[in-house]
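Visitor: Handing you this structure, nothing more for now.
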Amino acid sequence: MDKRFFRRCARNAAFSLLGCLLLAAPAFAAQEITVSGAASLTNAFTEIKGLFEKKYPDIKVHTNFAASNPLLKQMEEGAPVDVFASADQETMDKAAAKKLVDTATRKDFALNDLVMVVPSDSKLNLTGAKDLAKPEVKRIAVGNPDSVPAGRYTKAALTTAGLWETLQPKYVFGASVRQALDYVGRGEVDAGFVYRTDAKQGGDPTVGILLLNQMATSMSRSELRRALSLVIDRNAVAEAMGQDYTAAEGLVPYGILTASGEEFRVVNGTRIDNDPDKYEERCQGALALLRQAGYSNAVSLSALDTVTLAYDRTSTQAQAAQQLQQLWEARLGIKVQLVGLESFELKQRLANGEFVIALMEMTAHNNDATAYLDPWRSTDMRNYGMLYLNAYDILMKIAATSNSQEAEDAYLRDAEQLLLETGYVIPLYGRTQPCVIRDGVLGAVSDGLGNWYFGGVTRAS
């Protein structure tokens, strides 16, 4: 059912826009340019931004990615925008009708395909849209047709196929096409509709986390949650996982950019102390927290609910789970029962809230910190830990509606810090994609999502 609304890859065609910008660059009197682009253009425009700033180092480019309609709304409300790139003709027509864009500069520069995608570990054998009517298909990710062009295209395609109304109870609407992709990538839906260029993204930054169920009695004391985190030797956990893993320094991993285009982790610093020389000090701090909570040093916390740690036994998570079990028992006297599950079983347990502690991984398909922070809003379907933090919800809402990139970055930083302070979400490790580049080789570009481009590579003279 791949109804083709576009025909070419966005990344390749997007360079025609780069050519336009480069030619026009000397005409910019300002030293800053703000580009508002549809979420599906995130990777292409991030690469273009780097190339543009390299050619014109005196001009700073700010990028703002979201669904096309919200971007239009921002312009209506006075947001300063120099370049607007919509994912559909309809939204651009609206912008032109409201005299928000210079119609003389309007250009069609990118074409794409709409495709159906399923989780990599899916066992449903879905071969086309007609299979979505099967009873075993419970959730389908679709961009909201009211605001997301890909959602409107999906609705049109499924309507033509006579399926839109039939599948209505199964839709999970995303705020952008990248959010729909994120739902699929995390296995939280059975299928989704995205652009082909989005589906092709790979090597995305991954962070492994411990999720503590707020509804479990044993996890109700903040002192205990913080103690569990303090005694984790993340360097040892990462080493046990393999050479591609590193100790987590925050919830948002390296490789993710801020709204202003800077490295989120670099700008916002280390939020977790992994200094091996201070490990014993951290363990003593954990014991002090337990005493503060009313537990003795020797107690196994048998009065609490059974502490279980669920993990995906089909992955490398088993090594991390065993490390955690040994550390918690040796350092805190807490006996932990490991529960290895198939991937689909773990996802089901998470969705049903049937866990005490769960080891899971988070992966972003868009270069945006919100991919790691949004799931913990109280209204998000991925909030498996049943977190209801009003202050956190407020920070995330303000960040989402801010017209200032600097303000958005600040609110997201504060949201990450607040979430980590609760102890309900404990980052463990990050997974990287190593790339070795010989000294003297210049021009290799990474988009921060594990994708490397070598078209402009040269040797140093």
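The values are calculated or read from the model by the stated rules, or taken from the named source; none is laboratory data. Remember, it's a predicted structure, so these values are computed and weren't measured experimentally. Heads up, the Cβs are rebuilt from the backbone with ideal geometry, glycines too, and the neighbour counts pull from every protein chain shown.
Visitor: Mind telling me which of the residues Ala150, Ala157, Ala87, Ala95 ends up being in contact (Cβ under 8 Å) with a residue 12 or more places away in the chain, outside the structural domain of Tyr372 (by TED's automatic domain parsing) and outside any helix (DSSP H, G or I)?
Guide: Result of the check over Ala150, Ala157, Ala87, Ala95: Ala87.
Visitor: Please indicate, with yes or no, whether at least one residue in the stretch 277-287 is of a type in the set (Gly, Ala, Ser), in contact (Cβ under 8 Å) with a residue 12 or more places away in the chain, within 30 Å of Ser120 (Cβ to Cβ) and buried (at least 18 other Cβ atoms within 10 Å of the Cβ).
Guide: no
Visitor: Taking the stretch 331-354, which residues are part of a helix (DSSP H, G or I), under 17 Å from Val189 (Cα atoms) and not acidic (Asp, Glu)?
Guide: Ser343, Phe344, Leu346, Lys347, Gln348, Arg349, Leu350, Ala351, Asn352
Visitor: Among Lys54, Lys60, which is at pLDDT 80 or above, touching a helix residue (DSSP H, G or I) at 6+ places or on another chain (Cβ under 9 Å) and basic (Lys, Arg)?
Guide: Exactly one residue qualifies, and that residue is Lys60.
Visitor: For residues in the stretch 219-259 being among the small types (Gly, Ala, Ser) and touching a Pro at 6+ places or on another chain (Cβ under 8 Å), which is modelled with the lowest pLDDT?
Guide: Once the filter is applied, the top-ranked residue is Gly255.
Visitor: Arg186 - would you say it is modelled with pLDDT under 80, surrounded by 23 or more Cβ atoms within 10 Å (Cβ to Cβ), under 21 Å from Asn383 (Cα atoms) and in contact with a Ser or Thr (Cβ under 9 Å, 6 or more places away or on another chain)?
Guide: Considered against the rule, which asks whether it is modelled with pLDDT under 80, surrounded by 23 or more Cβ atoms within 10 Å (Cβ to Cβ), under 21 Å from Asn383 (Cα atoms) and in contact with a Ser or Thr (Cβ under 9 Å, 6 or more places away or on another chain), Arg186 comes out as no.
Visitor: Let me spell it out: the conditions are (1) farther than 29 Å from Ala175 by Cα; (2) part of a loop (DSSP other than H, G, I, E, B); (3) of a type in the set (S, T, N, Q), and Gln322 meets all of them except one. Which number is the exception?
Guide: Every listed condition holds for Gln322 apart from (2).
Visitor: A follow-up question, please. Can you name every residue in the stretch 169-179 that is under 21 Å from Ala66 (Cβ atoms) and either modelled with pLDDT of 85 or more or not assigned by TED's automatic domain parsing to the domain that holds Val142 (or both)?
Guide: Within the stretch 169-179, Tyr171, Val172, Phe173, Gly174 qualify.
Visitor: Further question: Considering only residues that are in a loop (DSSP other than H, G, I, E, B) and β-branched (Val, Ile, Thr), look in the stretch 259-274 and name the one that is surrounded by the most Cβ atoms within 10 Å (Cβ to Cβ).
Guide: Among those that are in a loop (DSSP other than H, G, I, E, B) and β-branched (Val, Ile, Thr), it is Ile272.
Visitor: Sort out which residues of the stretch 107-124 are over 18 Å from Ala199 (Cα atoms) and loosely packed, with under 14 Cβ neighbours inside 10 Å, and write them in order of number.
Guide: Of everything in the stretch 107-124, those that are over 18 Å from Ala199 (Cα atoms) and loosely packed, with under 14 Cβ neighbours inside 10 Å turn out to be Lys107, Asp108, Lys123.
Visitor: Scan the stretch 134-146 and report the pairs whose first residue is in the same structural domain as Gly192 (by TED's automatic domain parsing) and whose second residue is of a type in the set (S, T, N, Q), with Cβ atoms within less than 7 Å and a gap of 6+ or a chain change.
Guide: That search, which allows pairs on different chains as well, returns Val142/Thr154; Gly143/Thr154; Gly143/Ser176.
Visitor: Select the helices (runs of 4 or more DSSP H) contained entirely in the stretch 181-258, then report the ones holding at least 3 residues which are under 21 Å from Arg271 (Cβ atoms).
Guide: 222-230, 234-241
Visitor: Another question about this same structure. Restricting attention to the stretch 382-390, does a residue exist that is farther than 13 Å from Phe264 by Cβ, basic (Lys, Arg), surrounded by 14 or more Cβ atoms within 10 Å (Cβ to Cβ) and outside the structural domain of Pro70 (by TED's automatic domain parsing)?
Guide: yes
Visitor: Give the stretch 116-131 a look and list any residue that's touching an Asp or Glu at 6+ places or on another chain (Cβ under 8 Å) and either of a type in the set (Val, Ile, Thr) or in contact (Cβ under 8 Å) with a residue 24 or more places away in the chain (or both), or say none.
Guide: Matches in the stretch 116-131: Met116, Val118, Pro119, Ser122, Leu124, Leu126.
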